[in-house]
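Engineer: The structure follows.
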Amino acid sequence: MTAQPPAAPAPPAPTPPAAVSVAAGPIDEPPVIVGDDTTGRTRAASTWRRMRWPFLVFVVIALFVLFLAVVRPPTSADPYAPDNPEPGGGMAVAEVLKDQGVRVTHVTSVADAVAAAGPGSTLLVTPNPAFFADDQISSLNRTGADLVVLQPDFGLVAGVSRNTVDSTYGVAEGPVEPQCDDPAARAAGAVSLAPGLYDTSTGSDAVRPVLCWPDGSGNFAYARLDFPNRSVTMVNDPGVLRNGSVLEDGNAALALWMLGQNEDLVWLVPNPMDVSTGDDQPTPAERGQVNELMPPGSAPVALVAVLAAVLLALWRVRRMGPLVVEDLPILVRSAEATRGRARLYRAARARGHAAAGLRASAADRIASRLGLARSSDANTVVDAVVAATNRPSQQVADLLYGPPPADDAALAELARRLDILESEVHRP
């Protein structure tokens, strides 16, 4: 029997191709190369690294501006305002009046005051940094409200008193008894208010003012006139209302008595740029604040925007090269010399010299405006100013050639009144 040869091993089965995992995802394509050997991703990352800090600053400023635009500050910094808690504000008196049931309406324009005030109410007019025009004074008189005017200027005194009271410069010299028969004055007692009001009424049919707190030379700090349908009260010193001085002597009693006689009090803090009169103009409720030039809180927003613009300009500035050092002669600017002389006057308490300089400069400019010669004497200058402004001659003489001020406040008041006099002469 023949042996069979062993069978040849079977060839290995072909290995199937490996399956591609679906979860592995598509293979990334090669990046697209830009001409400067960068990709879109690297360019975006470089731009972000360069701009992230300015962008972050911009976002912070934008959020801060949005916060200021939404949140209205509860108080203000306007002098004599009823919502100003600073020493120059009037918040203390306003809050006490509110506790006593008086409705206080804060306005900043003559049109709003005319719309809010009326018979049976009190209209308070705080000192105006500028001047009231004649038509504005007429509008205030036509409201029928009881007027209380603090530190009125020459035109306002004549307008609200119907030319029965005039004003001049005065300095408070300590607590003085009222020496008059007026309920508010008797309630206040002795106060330290600057005098400056005096009687100019003539004729038997003129309304005679009640004048209180004299200074011994015919000037008074307080004047009250009772007209048939309303009363007008003038106080020459606004310290009776300020937070920083309302608690001195009888100032608080006088302020509360004057302003608390009626249930409604319209508190006018004049805007220097206001030219409205209230004639044929809608009330605040009718116009709904649509016609307001800027909404409340716009000033801080504008300040932040300006600061952001300055920072952006400083960030983007490019220098063209190193600074060039150049020797310059020593120059002293006129403004620096003026400030230096003013500091010397202040250190030496030389108010008389400072007042003399202010008066001499004002008289020189006024004389030049009126066409007077530089050699003109004091009487000639006074007569020319009286003819140009219709002011009393004694008042003009006191302003231009009066005695030196007693303190810094009196010196500042003298400068203010000289500026008013000069503006009246320069008025076309």
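The values are calculated or read from the model by the stated rules, or taken from the named source; none is laboratory data. Here the structure is a predicted model, which means the values were calculated and not measured. Please note: Cβ atoms are built from the backbone with ideal geometry, for glycine as well, and neighbour counts cover all protein chains shown.
Engineer: What helices (runs of 4 or more DSSP H) lie completely within region 63-180 and have 2 or more residues being touching a strand residue (DSSP E or B) at 6+ places or on another chain (Cβ under 9 Å), in contact (Cβ under 8 Å) with a residue 12 or more places away in the chain and more than 22 Å from Val235 (Cβ to Cβ)?
Structural biologist: Here the list reads 110-116.
Engineer: Looking only at residues in region 155-206 that are surrounded by fewer than 23 Cβ atoms within 10 Å (Cβ to Cβ) and touching a Lys or Arg at 6+ places or on another chain (Cβ under 7 Å), which one is farthest from Ser231 (Cα to Cα)?
Structural biologist: Taking the candidates together, the pick is Tyr169.
Engineer: Consider Val235 carefully, then state whether it is modelled with pLDDT of 90 or more, under 28 Å from the mean Cα position of the chain (by Cα) and aliphatic (A, V, I, L, M).
Structural biologist: Criteria met by Val235.
Engineer: Something else: Does Ala255 satisfy being assigned by TED's automatic domain parsing to the domain that holds Pro175, part of a helix (DSSP H, G or I) and within 31 Å of the chain's Cα centre (by Cα)?
Structural biologist: When the stated conditions are applied, Ala255 passes them.
Engineer: Right, something else. Just checking, how many residues over region 139-155 are modelled with pLDDT of 90 or more, under 22 Å from Leu421 (Cα atoms) and over 20 Å from the mean Cα position of the chain (by Cα)?
Structural biologist: Here the count works out to 0.
Engineer: For Val104, are the conditions met, namely being among the β-branched types (Val, Ile, Thr), buried (at least 18 other Cβ atoms within 10 Å of the Cβ) and modelled with pLDDT of 90 or more?
Structural biologist: Yes: the conditions hold for Val104.
Engineer: Which condition number in (1) farther than 22 Å from Val165 by Cα; (2) touching a helix residue (DSSP H, G or I) at 6+ places or on another chain (Cβ under 8 Å); (3) not basic (Lys, Arg) is the one that Ala397 fails?
Structural biologist: Checking Ala397 against (1) farther than 22 Å from Val165 by Cα; (2) touching a helix residue (DSSP H, G or I) at 6+ places or on another chain (Cβ under 8 Å); (3) not basic (Lys, Arg), the one that fails is (1).
Engineer: For region 360-380, indicate whether the set of residues that are in a helix (DSSP H, G or I), over 33 Å from the mean Cα position of the chain (by Cα) and under 23 Å from Ser167 (Cβ atoms) is non-empty.
Structural biologist: Looking for residues that are in a helix (DSSP H, G or I), over 33 Å from the mean Cα position of the chain (by Cα) and under 23 Å from Ser167 (Cβ atoms), one finds at least one in region 360-380, hence yes.
Engineer: Okay, moving on. So which of Val240, Val275, Val301 ends up being of a type in the set (Val, Ile, Thr), under 21 Å from the mean Cα position of the chain (by Cα), at pLDDT 85 or above and more than 23 Å from Ser121 (Cα to Cα)?
Structural biologist: Criteria check complete, one pass: Val275.
Engineer: If you scan region 187-217, which residues turn out to be within 34 Å of the chain's Cα centre (by Cα), in a loop (DSSP other than H, G, I, E, B) and more than 18 Å from Val160 (Cβ to Cβ)?
Structural biologist: Scanning region 187-217 gives Gly189, Ala190, Ser192, Leu193, Ala194, Pro195, Asp215.
Engineer: Could you grab me the full set of residues in region 383-428 that are surrounded by fewer than 19 Cβ atoms within 10 Å (Cβ to Cβ) and not in a helix (DSSP H, G or I)?
Structural biologist: Across region 383-428, the qualifying residues are Asn390, Pro392, Gly402, Pro403, Pro404, Ala406, Asp407, Arg427, Pro428.
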